[in-house]
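Worksheet for the structure shown next.
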Amino acid sequence: MGMKEMKAAYVAKMEAQVAEWGAKLKQMKAKAEKAAAQGRLEYQQKLAQVKAEEKHEQARRKLDELKAAGEERWEALKSGVEGAWNELKKTVDSTKME
């Protein structure tokens, strides 16, 4: 598998993961909107505290940067994407509603 194919496969995998986490965040926000006033307040405070939406956007920007990079730069950018990914994963996992 050539570098171009490896990059395309990696980008496709990461795009799918960003979309999945984005959907989970939307689902959590929808649950928060339906929650009782106190539960909603606590959940929104937790969501704001971990800045889940900001981390999602950071990961999205890193992925866009990776997609735009030439083959010579994508390996170097890959670690930045993975770092943003790990942060987003921790955030999504920590904000799951009980």
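Of the residues 72, 53, which single one is at pLDDT below 80, farther than 15 Å from residue 6 by Cβ and either buried (at least 16 other Cβ atoms within 10 Å of the Cβ) or not aliphatic (A, V, I, L, M) (or both)? Result: 53 is the single residue among 72, 53 that is at pLDDT below 80, farther than 15 Å from residue 6 by Cβ and either buried (at least 16 other Cβ atoms within 10 Å of the Cβ) or not aliphatic (A, V, I, L, M) (or both). Inside the range 2-27, residues that are under 17 Å from residue 72 (Cβ atoms), without any contact (Cβ under 8 Å) to a residue 24 or more places away in the chain and among the hydrophobic types (A, V, I, L, M, F, W, C) make up a count of 2. Restricted to the range 75-89, and to residues there that are small (Gly, Ala, Ser) and open to solvent by 40 Å² or more (accessible area, probe 1.4 Å), the residue that is nearest to residue 19 (Cα to Cα) is 79.
What about residue 60, is it at pLDDT 80 or above, assigned to a helix (DSSP H, G or I), open to solvent by less than 70 Å² (accessible area, probe 1.4 Å) and not aliphatic (A, V, I, L, M)? Answer is yes for this residue. Screening residue 16 against (1) modelled with pLDDT of 90 or more; (2) among the hydrophobic types (A, V, I, L, M, F, W, C); (3) over 21 Å from residue 90 (Cα atoms) leaves a single unmet condition, (3). When the criteria are applied in full, residue 10 meets the requirement of being in a helix (DSSP H, G or I), closer than 19 Å to residue 81 by Cα and among the hydroxyl-bearing types (Ser, Thr, Tyr).
Considering the range 19-38, the residues that are farther than 15 Å from residue 85 by Cα and open to solvent by less than 30 Å² (accessible area, probe 1.4 Å) include one that is modelled with the lowest pLDDT, namely 35.
The values are calculated or read from the model by the stated rules, or taken from the named source; none is laboratory data. The model shown is predicted, which means the values in this text are computed figures rather than measured ones. Note that each Cβ is placed from the backbone with ideal geometry, even for glycine, and that neighbours are counted across all protein chains shown. The accessibility values were calculated without ligands, DNA or RNA, using every heavy atom of the protein model including side chains. Shrake-Rupley method; radii C 1.70, N 1.55, O 1.52, S 1.80 Å.
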